[in-house]
Amino acid sequence: MAEATAVPDIKAEFPTFGRMAHLSPGIYSIHWENLKNIPLKLNGEPSTLDAVYVKFVNSKIKDEIDEHSSFGRKKYVTDQGDLDIEAEWTVLSTIETLAGLFKKDINPVNVMWFYFDHDWSRDADECYVFFAVHNDKIVLESCHFMSQEPLILAQDKEDDPIWHSHPYFNEAVIRYWYRKYYSETKNGSLMVLRPDEPTLYYYDRATAKDSTRDVQLVTLIKIYRLLWITVVLLAGIILPAIREYMFILAGILLFDLFYRIWATRKIGLE
């Protein structure tokens, strides 16, 4: 008689993001070993998150059904058949995040995740917020992982062999993507403009003092340009022999002044 297969408990403990975790800014990636330890049931059979991941890799998600999600079940319709998943709601939330990337034809294992914020939900649960980069594009501006969700991400550390071989390049990549996020995305710009001044990584927040200094500098440059125009016109009046050349030079300087006024029209309006 064949030995009976033990059915894993879908409520078994597994590593989670945890409460009050102090995450550091930097590059995070999928931690494959943790996927293997997250139990669930797939089409009624005992399985793990890594098996669902492989199913997503080898199929195309066509639809998803949420009618059972509140009871710990969710169904994904793929071109290779239905995936009926039963798991803890925290695991289903993680699967939904991964499935969202697969729907965009993005394999999450090829994504760079960047931690940038710590938040609280309405039910007082903590969550950790990342943006995601794939193929030199920011594909997710704000991705929340609840504290009870599986810890599927691991930070790329400086003591890793790959990192150690290119330390300055990796540091530059981190700085580049944080600055791009804060300056070129809606969510990033809102982080910069929030009145509670949340922590920004590798990005200097402009202050009212900086803005005032910019306005003063631009005003001073314009005054100098006006003085130069005045000097040139006076030289043309006093020296008739070069009057024509002085008037031409004054015209060029006046055009340059108008251009600078137009180019700096927004300074001081923020």
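Computed values, structure above
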{"quantity": "All Cα pairs of the range 32-128, percent lying beyond 16 Å", "calculated": "58 percent"}
{"quantity": "Sparse-neighbour loop sites [GluC sites (Glu not before Pro); the range 52-106; at most 16 other C-beta within 10 Å; DSSP]", "calculated": "67"}
{"quantity": "Rg over Rh [alpha-carbon atoms, Kirkwood Rh] for the range 75-147", "calculated": "1.01"}
{"quantity": "Heavy-atom accessible area order for 244, 33, largest first, 1.4 Å probe", "calculated": "244, 33"}
{"quantity": "Residue 45 - accessible surface, heavy atoms, 1.4 Å probe, Å² rounded to 10", "calculated": "120 Å²"}
{"quantity": "Theoretical FRET efficiency, 1/(1+(r/R0)^6), r = Cβ-Cβ of residue 80 and residue 119, R0 25 Å, to 0.05", "calculated": "0.10"}
{"quantity": "Contour minus Cα-Cα distance for residue 22 and residue 36 (0.36 nm per residue)", "calculated": "2.6 nm"}
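The values are calculated or read from the model by the stated rules, or taken from the named source; none is laboratory data. The shown structure was predicted, so the numbers you read here are calculated from the model rather than taken from an experiment. Because the Cβ atoms are built from the backbone with ideal geometry, glycine has one as well, and the counts that use them run over all protein chains shown. Note: accessible area is taken over every heavy atom of the protein model, side chains too, but ligands, DNA and RNA are not part of it. Shrake-Rupley method; radii C 1.70, N 1.55, O 1.52, S 1.80 Å.
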